[in-house]
Amino acid sequence: MQRDPVIRLVAETVSVLDAKCQAGNLSFGQFGGGHRRPSIRNRHGPITMSPVSRAQSIVFKILPRSDWEAAEQTGSYAGSADDLRDGYVHLSAAPQLSGTTAKYFKGLSDLVLVSFAAADLGPTLRWEPSRGGELFPHLYSELPAGKAIAVHELPLGPDGIPLIPEGVG
């Protein structure tokens, strides 16, 4: 039986995060309806993340496929010309992806969307005001290819804007 691609994407992401969390301090707790929500444990027990934090628990980088393939070979991605100019790697949270693709990637083909657990990127990941004062993830180090959760192709839509896979943004 073939699974819906959205369900498959979510299941793969949760599975990868669960495995990664076994080695770290991020854990996943169950709550009503079988949904999973991230929580962080400290010495006093679990700390449930706010809805904003949950939306920010996965971050994404859009880049040319050839750049990502090179990053996989070298182990990291230093960034695009814009990233290098600004001094950090520009990332997006899921709700920000459609605006990012429309503004910066319209008409560009052969792109990929790479997802990362924010917790895996460490203290060099900062949430800072950008477009319209909205907080965007900025990584003040190279993006470690080995920390990628998933890589998705971004085909162009009829309007020339890359299509975000269903269930991601």
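The residues of the range 92-107 that are touching a helix residue (DSSP H, G or I) at 6+ places or on another chain (Cβ under 9 Å), closer than 16 Å to residue 162 by Cβ and either of a type in the set (A, V, I, L, M, F, W, C) or crowded, with 17+ Cβ neighbours inside 10 Å (or both), listed by number, are 92, 94, 96, 100. Is it true that some residue in the range 151-166 is surrounded by 15 or more Cβ atoms within 10 Å (Cβ to Cβ) and at pLDDT below 95? Scanning the range 151-166, I find at least one residue that is surrounded by 15 or more Cβ atoms within 10 Å (Cβ to Cβ) and at pLDDT below 95, so the answer is yes. Of everything in the range 141-150 that's under 16 Å from residue 119 (Cβ atoms) and in contact with a Gly (Cβ under 9 Å, 6 or more places away or on another chain), which residue is surrounded by the fewest Cβ atoms within 10 Å (Cβ to Cβ)? Out of the qualifying residues, it is 146.
For the range 59-89, a residue qualifies if it is within 11 Å of the chain's Cα centre (by Cα) and within 13 Å of residue 139 (Cβ to Cβ), and the qualifying residues are 59, 60, 61.
The test for being closer than 29 Å to residue 133 by Cβ, at pLDDT 95 or above, in contact with a helix residue (DSSP H, G or I) (Cβ under 6 Å, 6 or more places away or on another chain) and surrounded by 12 or more Cβ atoms within 10 Å (Cβ to Cβ) holds for residue 77.
Residue under question is residue 126, and the condition is that it be modelled with pLDDT under 95 and basic (Lys, Arg); does it hold? So residue 126 does not fit the description; no.
The values are calculated or read from the model by the stated rules, or taken from the named source; none is laboratory data. Bear in mind the structure is a predicted one, so any value in this text is a computation, not a measurement. All Cβ positions, even for glycine, are placed from backbone atoms using ideal geometry, and neighbour counts span all protein chains on display.
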